[in-house]
1. Ordering Ser224, Ser82 from largest to smallest accessible area (1.4 angstrom probe), what's the sequence?
2. Quick one: of Lys157/Lys280; Lys233/Lys280; Lys280/Lys330, which pairs are farther than 25 Å apart, Cα to Cα?
3. Take the Cα of Thr201, step 7 Å along the line toward its Cβ, and report every residue of the stretch 140-155 whose backbone nitrogen sits under 15 Å from that point.
4. Keeping all protein chains in position, work out how much accessible area Lys330 exposes to a 1.4 Å probe, and write it in Å² to the nearest 10.
5. For labels at Leu110 and Gln365 in the simple 7 Å Cα→Cβ model, what's the distance in nm?
6. Per residue and in cubic angstrom, what volume does the convex hull of the Cα atoms of the stretch 113-196 have?
7. If ligands, DNA and RNA are left out, what is the accessible area of His294 with a 1.4 Å probe, given in Å² to the nearest 10?
8. Based on C-alpha coordinates, I'd like the Rg and Dmax of the stretch 62-181, in Å.
Amino acid sequence: MIVALIELSLDSPAPPEAATPPPASFYRRAGLALTVVLVLALGGAAPVSSMLWSRLGGVPLPAGGDFQVTTDRIFTMDLDASPRVLTAWQSDPVRRLWSIEATGSGDPFLVRDATADLVLVQQGSSISVLDGRTGNLRWTSDVPVQRLTGTVGVVRKETFRPGTEYDPESGDPGRLYGVFGDSLHTEPALSTELRGVELATGRPLWSFKVPGSAFTAWPDEPGSAFAVLSAQKLTLISAETGRVVRERTVPRIDGQGPAMGEVVDNMVMVHYGAFGAGGKVVAYALDTLDERWHQDQPDPSGNPAACYGVSCTVTRDNLVVLDVDTGEPKWQASGPDILSFGPASVLEVRNLTTPVRSVSLGTGQTVADLDGWRDYYQVRGEPAVLLSRPQDTRTTAFGVLRAGRTAVQPLGVLPANVLQCQAAPGTVVCQTFEQLEVWSYRG
């Protein structure tokens, strides 16, 4: 699936002391008896739980700090330190790898992307590319860098007319431009340049320039091409060479050019009209850029429901899932938000935090009921979600649901209340009041 980045988070008393220690054979008999009792009472849950859910260790997190989890790394940010500090940890086994100090005070300060070899750290609008094993600086960019493949990234440079900077103190309404710059602007860019770079060194590889502002859509997993939508054209660009793979003009409708673009599955969706309002949407096939369908979408009139990675229509009162190939209505969602969840299902959630159910993308029928689970966390890079709920005032229960499964696989219990969690394949990291707890899971 490809998604768009649009640019224009038992207490018990101690037993009495024994007069004399019992013989060793007593412990063997007692241990065997206790094991039998546990198996009978818990239905074998104790051995299964230890196989599915086990603690890897703890990671200190400073007060006021934050963290991010990637496939095999944990990054902690000490945001109150001066200068701020980023520390990389290995998750299994848990151990500190390296730390660096921020070179500036701009926000945000976070890991934008990471592989075993490279870490992209954003500080304000600039990017520092670090060696993933040592934390040593490789190179820096004064504008954000997006990874396209394992070795190629892209930077974008927008040029605006002087005097169009937005004054945030004014509170003036209207659309703003320049999301990735140091300041916002009240007019679209005069031009947008995309430059391909070698990720390891920053060496320039290619350049592609369009007039005005542009929207870009990247694959979930870095691949060989990406889409660029400008006011005049829709273009498919080779990530490796910058070569134009395919291109077509896009029409103006009612005197206006496209307002935004996104890629859903195998379609490029070009939207007209103001963001969050109704308007025309035109779908183009990603492989050929041929127009497949178009329709007028109604004004949602303040309905907060939204779709992520799924084609849908939001009306005043409901949310209707569309067939991405034809634009025809499929079914009506019962929850306020839906998210793509694997190739043939979606996840319905409330307020983007509380899971409701997983649903067949084709029919709208419930696949797995998630009633009773309070929070969910997308597993990075996998069609799965980690689910949690307070078990009592001092413990939190966890389960995992994989796309297409009809039931949640219970995992085990973390003996603490959690503030937030993040998950990677086989690993979950949760913030408690004391530290970060790192657990492994199977399921």
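1. Ser82, Ser224
2. In this structure, Lys157/Lys280 lie more than 25 Å apart at Cα.
3. 140, 151-153, by backbone N distance to the label point.
4. Around 80 Å² of this residue is reachable by solvent.
5. Spacing of the two 7 Å Cα→Cβ label points: 3.9 nm.
6. 104
7. Only protein atoms counted, so the area is about 100 Å².
8. Looking at the stretch 62-181, its Cα Rg and Dmax stand at 16.5, 54 Å.
The values are calculated or read from the model by the stated rules, or taken from the named source; none is laboratory data. A quick note: this is a predicted structure, and the numbers were derived from the prediction, not measured. All Cβ positions, glycine included, derive from the backbone under ideal geometry; neighbour counts span all protein chains shown. The accessibility values were calculated without ligands, DNA or RNA, using every heavy atom of the protein model including side chains. Shrake-Rupley method; radii C 1.70, N 1.55, O 1.52, S 1.80 Å.
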